[in-house]
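One structure below.
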């Protein structure tokens with residue numbers, strides 16, 4: 001009989017299954033390199049630069065209120081409910097148009113498209129259940145290094161698990177379009 005710790009570390013079955021990854025005996029969560037990702041870097045640096053240089057001259061209290069409402073809607077409804085609860089964990093069912101609206105609003109957060117979000121989440125979950133994993137995946141580089149890595153880099157594992165977002169997502173033309181055009 002498996003212990004709770006064994007069941008928790010088993011990413012291939014049970015309640016802690018990592019949905020989108022196919023784990024093989026060759027999959028390795030430790031060996032790999034952090035590489036600069038120019039597209040991600042320029043996107044994030046550009047958004048920060050626009051905010052720092054344009055926002056002070058455009059500030060109004062009503063603009064701040066609109067920002068707060070949209071931040072709440074995209075982070076809570078889009079990222080947390082649409083991306084995390086619906087796509088990653090598939091923890092609830094809803095009409096397809098509701099799912100798409102939630103996921104689309106999640107892309108407005110600006111992190112990436114739906115496939116990247118699913119892959120990043122499941123890869124981190126799987127890696128953190130191993131006896132050791134790359135510092136990028138365990139957030140072991142310290143606050144500033146982790147922030148730089150998250151905003152400007154990507155991890156290239158030497159032997160990553162295979163990724164498949166699964167039926168209803170991978171084969172959905174709308175999700176493929178959203179992944180290509182999220183920016």
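Being surrounded by 10 or more Cβ atoms within 10 Å (Cβ to Cβ), in a loop (DSSP other than H, G, I, E, B) and modelled with pLDDT under 90 is the filter here, so list the residues in the stretch 22-57 that pass it.
Within the stretch 22-57, 23, 24 meet the criteria.
Restricting to the stretch 147-183, give me the number of residues that are within 23 Å of residue 46 (Cα to Cα) and assigned to a strand (DSSP E or B).
3
Would you check if there is a residue in the stretch 167-174 being at pLDDT 90 or above, in contact with a helix residue (DSSP H, G or I) (Cβ under 9 Å, 6 or more places away or on another chain) and more than 24 Å from residue 23 (Cα to Cα)?
Yes, the stretch 167-174 contains a residue that is at pLDDT 90 or above, in contact with a helix residue (DSSP H, G or I) (Cβ under 9 Å, 6 or more places away or on another chain) and more than 24 Å from residue 23 (Cα to Cα).
The values are calculated or read from the model by the stated rules, or taken from the named source; none is laboratory data. As the structure is a computational prediction, the values presented were derived from the model and not from experiment. Here Cβ is always computed from backbone atoms with ideal geometry, including for glycine, and neighbour counts include all displayed protein chains.
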